[in-house]
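Novice: I have a structure I would like to understand better, so I am pasting it below and will then ask my questions one at a time.
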Amino acid sequence: MLLFILGNFFHVDRLALVMIILVLFIGLCVGSFAYRYLKGDGQYRAFFVRFSLLIGSVILMVSADHMGLLLVSWCVSNGLLVRLMVHKSGWQAAKAAGWLATKNFIVGSVCIATAFGLFYLTTGETSIQALIRQPILSPPMWAALGLLILGAMSQSAIWPFHRWLLSSLNSPTPVSAIMHAGLINGGGFLLVRFAPLYLQSPLLLMGLAMIGFLTAWLGTFWKLMQPDVKRMLACSTMGQMGFMFVQCGLGLFPAAVAHLVWHGLFKAYLFLSSGSAAQEKRIDLDYPPSLPAFFGSLLCGLIGSASFSLTSGETWFASNTTLVLNGIVLLSGSQFALPLLRIHPVRTLPGAILGTALAGLIYGSSVQLITGFMTPMDPMQPQPLTIFHIAGLLVLSVSWIGMLFIRKPAKTGSIPEWALKSYVLALNASQPHPSTITSHRNYYHYR
């Protein structure tokens with residue numbers, strides 16, 4: 001009986017193994033932090049009960065083969081996350097944030113449930129492994145895959161489903177860490193789980209890439225406008241989830257998994273160390289950079305991208321969507337090297353080249369490792385390059401250069417009115433919902 005249940009409801013494949021290891025490791029790190037962080041809290045024990053149940057429900061979700069079990073564990077995980085977010089139930093702002101997240105998760109769950117219903121009515125299958133082996137996509141399956149994208153977007157705070165994440169800053173730091181490093185990656189996991197079906201639809205992949213580019217641009221741009229660490233990290237997570245969607249849309253699903261893993265580890269570290277961020281010594285980047293520093297950073301980015309391309313097993317000048325990923329790595333490597341070159345670009349150039357080459361080597365090796373590990377699933381299928389892919393990469397590139405070289409005018413009056421209005425609109429769009437903001441400390445109930 002037990003073997004029957006395990007065989008019909010669970011399938012621990014290599015994707016599930018990667019996710020389980022990631023969830024357990026991050027859960028262990030966050031739990032050990034919370035063990036000290038929440039000492040003396042009135043809900044200390046209740047927190048760890050809910051936290052343990054959350055980790056268990058996520059493990060069930062990533063190892064589920066039955067669509068019903070995946071849906072139930074998905075809903076339970078989100079319900080537990082909301083309860084952890086509303087750690088202080090007497091705090092009205094926290095309750096408002098939890099309710100906003102609940103409404104968002106309900107929309108996503110309804111989309112996923114409808115998609116699973118369409119899958120079952122079309123194929124008669126409840127097994128995910130049997131479903132993803134379907135050779136042909138019928139119109140109802142197309143609709144189901146579109147609904148799955150909406151469900152993934154709501155989970156991963158993809159625009160326009162981003163407001164709940166930006167409004168979740170009332171959560172205790174351990175909850176923010178597990179949310180940004182774990183649960184928000186659920187959308188990416190869902191897309192990778194059904195990757196064989198998405199690879200049959202270039203149109204859906206193109207839509208994923210375009211939505212990802214827009215979210216990546218908005219999240220990265222909004223991050224630069226935030227006045228505090230947690231809002232900056234929330235916008236950063238939004239942007240990184242956008243990049244993950246881009247990689248899925250490019251047909252590079254193992255690269256998306258590698259991005260998911262690295263983002264989870266790094267964002268957990270950033271949140272758990274955010275309490276000391278105010279004490280750090282800030283570096284004045286002195287933008288715009290000098291031309292030697294700028295061109296030196298481009299050289300470092302090119303070398304880092306070449307290192308990534310070499311270790312990931314893909315040629316740099318590929319005629320497919322791998323070229324877009326290499327271009328994004330080039331921009332990331334250039335931005336990484338720029339602060340190192342800001343004062344003495346010639347003297348520090350060798351060290352910056354070494355650093356970016358090493359970063360590209362590590363990232364490329366992780367993509368190659370996960371690609372090889374997930375070979376039986378065959379999820380690495382670069383798509384033909386289109387004008388839309390090139391346009392997305394050009395927008396990111398031009399925006400990055402503009403950020404570096406467009407200087408703030410000495411007099412506020414010299415700024416065009418349209419620019420001021422655009423700035424205010426962007427700033428307002430990147431803020432939490434007003435009901436989730438505590439305007440005075442007397443409104444904070446900590447018991």
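The values are calculated or read from the model by the stated rules, or taken from the named source; none is laboratory data. Values in this document were obtained by computation on a predicted structure and should not be read as measured data. Positions of Cβ are generated from backbone atoms using ideal geometry, with glycine treated the same way; all protein chains shown enter the neighbour counts.
Novice: What helices (runs of 4 or more DSSP H) lie completely within the stretch 142-216 and have 1 or more residues being in the same structural domain as Val62 (by TED's automatic domain parsing) and under 30 Å from Arg36 (Cα atoms)?
Specialist: Where helices (runs of 4 or more DSSP H) fall fully within the stretch 142-216 and carry at least 1 residues being in the same structural domain as Val62 (by TED's automatic domain parsing) and under 30 Å from Arg36 (Cα atoms), they are 163-166, 173-181, 186-193.
Novice: Sticking with this one: Looking only at the stretch 161-204, count every residue that is aliphatic (A, V, I, L, M), over 23 Å from Ala256 (Cα atoms) and crowded, with 24+ Cβ neighbours inside 10 Å and tell me the total.
Specialist: Residues that pass the stated criteria total 1.
Novice: I've got another one for you. Among the listed residues Thr371, Thr321, identify the single one that is modelled with pLDDT under 85, outside the structural domain of His263 (by TED's automatic domain parsing) and among the polar types (S, T, N, Q).
Specialist: Thr371
Novice: Quickly run through the stretch 7-23 and pick out the residues that are surrounded by 14 or more Cβ atoms within 10 Å (Cβ to Cβ) and closer than 15 Å to Phe189 by Cβ.
Specialist: His11, Val12, Asp13, Arg14, Leu15, Ala16, Leu17, Val18, Met19, Ile20, Leu22, Val23
Novice: Scan the stretch 146-155 and give yes if some residue there is buried (at least 19 other Cβ atoms within 10 Å of the Cβ) and either acidic (Asp, Glu) or in contact with a His (Cβ under 7 Å, 6 or more places away or on another chain) (or both), otherwise no.
Specialist: no
Novice: Further question: Considering each residue of the stretch 137-160, count those that are over 13 Å from the mean Cα position of the chain (by Cα) and touching a residue at least 40 places away in the same chain (Cβ under 8 Å), and give that number.
Specialist: 9
Novice: Sticking with this structure for a sec: Going by the conditions given, is Thr315 touching a helix residue (DSSP H, G or I) at 6+ places or on another chain (Cβ under 7 Å), within 24 Å of Gly212 (Cβ to Cβ) and in a loop (DSSP other than H, G, I, E, B)?
Specialist: yes
Novice: A further question follows. Can you find even one residue in the stretch 348-365 that is of a type outside the set (A, V, I, L, M, F, W, C), modelled with pLDDT under 85, assigned to a helix (DSSP H, G or I) and surrounded by 20 or more Cβ atoms within 10 Å (Cβ to Cβ)?
Specialist: no
Novice: Return yes or no: is Leu396 more than 21 Å from Thr220 (Cβ to Cβ) and part of a helix (DSSP H, G or I)?
Specialist: No, not satisfied.
Novice: Can you find even one residue in the stretch 81-96 that is in contact (Cβ under 8 Å) with a residue 40 or more places away in the chain, assigned by TED's automatic domain parsing to the domain that holds Asn185 and touching a strand residue (DSSP E or B) at 6+ places or on another chain (Cβ under 8 Å)?
Specialist: No, the conditions are met nowhere in the stretch 81-96.
Novice: Sticking with this one: Please work out which residue is surrounded by the fewest Cβ atoms within 10 Å (Cβ to Cβ), limiting yourself to the stretch 310-347 and to residues that are charged (D, E, K, R) and farther than 18 Å from Val246 by Cβ.
Specialist: Arg347
Novice: A further question follows. Applying the selection to the stretch 370-389, what residues are surrounded by fewer than 16 Cβ atoms within 10 Å (Cβ to Cβ), in a helix (DSSP H, G or I) and touching a residue at least 40 places away in the same chain (Cβ under 8 Å)?
Specialist: Phe373, Pro376, Phe388, listed by residue number.
To keep it simple, each residue is scored yes or no on (1) touching a strand residue (DSSP E or B) at 6+ places or on another chain (Cβ under 8 Å); (2) closer than 14 Å to Gly364 by Cα; (3) not aliphatic (A, V, I, L, M).
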position: Ser290; (1), (2), (3): no, no, yes
position: Gly296; (1), (2), (3): no, no, yes
position: Ser309; (1), (2), (3): no, yes, yes
position: Ser312; (1), (2), (3): no, yes, yes
position: Ala318; (1), (2), (3): no, no, no
position: Asn326; (1), (2), (3): no, yes, yes
position: Leu330; (1), (2), (3): no, yes, no
position: Pro345; (1), (2), (3): no, no, yes
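Novice: Counting only residues that are out of contact with any helix residue (DSSP H, G or I) (no Cβ under 8 Å at 6 or more places or on another chain) and part of a loop (DSSP other than H, G, I, E, B), which one in the stretch 414-443 is modelled with the lowest pLDDT?
Specialist: Per the stated criteria, the residue is His440.
Quick grid of which residues meet (1) surrounded by 20 or more Cβ atoms within 10 Å (Cβ to Cβ); (2) among the acidic types (Asp, Glu); (3) modelled with pLDDT under 85:
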| position | (1), (2), (3) |
| --- | --- |
| Pro227 | no, no, yes |
| Phe245 | yes, no, no |
| Cys248 | yes, no, no |
| Leu260 | yes, no, no |
| Lys267 | yes, no, no |
| Gln279 | no, no, yes |
| Asp286 | no, yes, yes |
| Pro292 | no, no, no |
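Novice: Hey, another quick one. Scanning for something within 19 Å of the chain's Cα centre (by Cα), touching a residue at least 12 places away in the same chain (Cβ under 8 Å) and not assigned by TED's automatic domain parsing to the domain that holds Ser366, does the stretch 66-74 turn up at least one residue?
Specialist: yes
Novice: Moving to a separate point now. If you check Ile26 against the conditions, is it in contact with a helix residue (DSSP H, G or I) (Cβ under 9 Å, 6 or more places away or on another chain), more than 30 Å from Gly117 (Cβ to Cβ) and part of a helix (DSSP H, G or I)?
Specialist: yes
Novice: As an exercise: evaluate Met225 against (1) part of a loop (DSSP other than H, G, I, E, B); (2) farther than 25 Å from Leu393 by Cβ and give the number of the one condition it does not meet.
Specialist: Exception for Met225: condition (2).
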